[in-house]
Amino acid sequence: MRVACEIRLDDNERRKLESLARGRKTPVRLAQRAKIVLLADKGIMNKTIAVELGINRRTVSRWRSRYAESGLSGIEKDLPHGGRKPISRNKIARGIIKKTTQERPKDATHWSTRSLAKELGINHSMVPRVWKANGRGAPPDRFFQNKSRRAARWSIRERR
């Protein structure tokens, strides 16, 4: 039979956890975790805590154990989730960067996300993700920059 980790709180820890459990600006997850630890400190079993808070017994066990191991920092943040690896982006990223940096579109000064996506036959939302992942924003609009410089010069002349 498994035995839950015993939790003993001192007055300072109890005060912090109670303020987290009652705080109006405390995220709901953190407030729930604080309640789990406070109830565990009273010697209540995991399944009773789960029923009282309306959550899964495994959830109670997880946060009770994490608090026992790491204290308050153990319940403040979730562990990082793995997530799916960006397989399709990695396959096409080299082509996107090459086209962006070394080629110009017909009848335009630069690639837009949609024109580049259409050229490569990919979804238009993938282009800015690849640009961002490679430390680039959208390619600069040289035509707009020249126009804005000219406009700035004209406004200075008009003031004189």
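None of the figures in this text is laboratory data; all of them are computed from the coordinates on show. Computed from a predicted model, the values in this text were never measured in an experiment. Cβ placement follows ideal geometry from the backbone for every residue including glycine, while neighbour counts extend to all protein chains displayed.
The P(r) of region 1-116 has a tail past 22 Å containing 51 percent of all C-alpha pairs.
Within a straight-line Cα-Cα reach of under 28 Å, Lys106 can be paired with the following lysines, leaving aside sequence neighbours fewer than 8 residues apart in one chain: Lys91, Lys98, Lys118, Lys132, Lys147. Which lysines have a Cα less than 20 Å from the Cα of Lys16, not counting those fewer than 8 places away in the same chain? Correct list for Lys16: Lys25, Lys35, Lys42, Lys77.
Arrange Lys106, Lys42 by Cβ neighbour counts within 10 Å, fewest through most, would you?
Numbers: Lys106 6, Lys42 9.
By the 10 Å Cβ count, ascending, the order reads Lys106, Lys42.
3J(HN,Hα) along region 15-21, derived from phi through the Karplus expression 6.51 cos²θ - 1.76 cosθ + 1.60 where θ = phi - 60°, amounts to 4, 4, 5, 5, 5, 5, 5 Hz, with x in place of Gly and Pro. Cross-link partners of Lys99 among aspartates and glutamates, defined as those whose alpha carbon lies under 19 angstrom from its own and excluding same-chain residues fewer than eight positions apart: Asp107, Glu119, Asp141. Shown in residue order for region 26-43 are the 3J(HN,Hα) couplings computed by the Karplus curve 6.51 cos²θ - 1.76 cosθ + 1.60 at θ = phi - 60°: 6, x, 4, 4, 5, 4, 5, 5, 5, 5, 4, 5, 5, 5, 5, 5, 7, x Hz (x for Gly and Pro). Panel order for Leu120, Leu17, by other beta carbons found within 10 Å of each beta carbon, from fewest to most: Leu120, Leu17. For region 11-76, a crude dipole built from +1 on the beta carbon of Lys and Arg and -1 on the beta carbon of Asp and Glu, taken about the Cα centre, is about 240 debye to the nearest 20.
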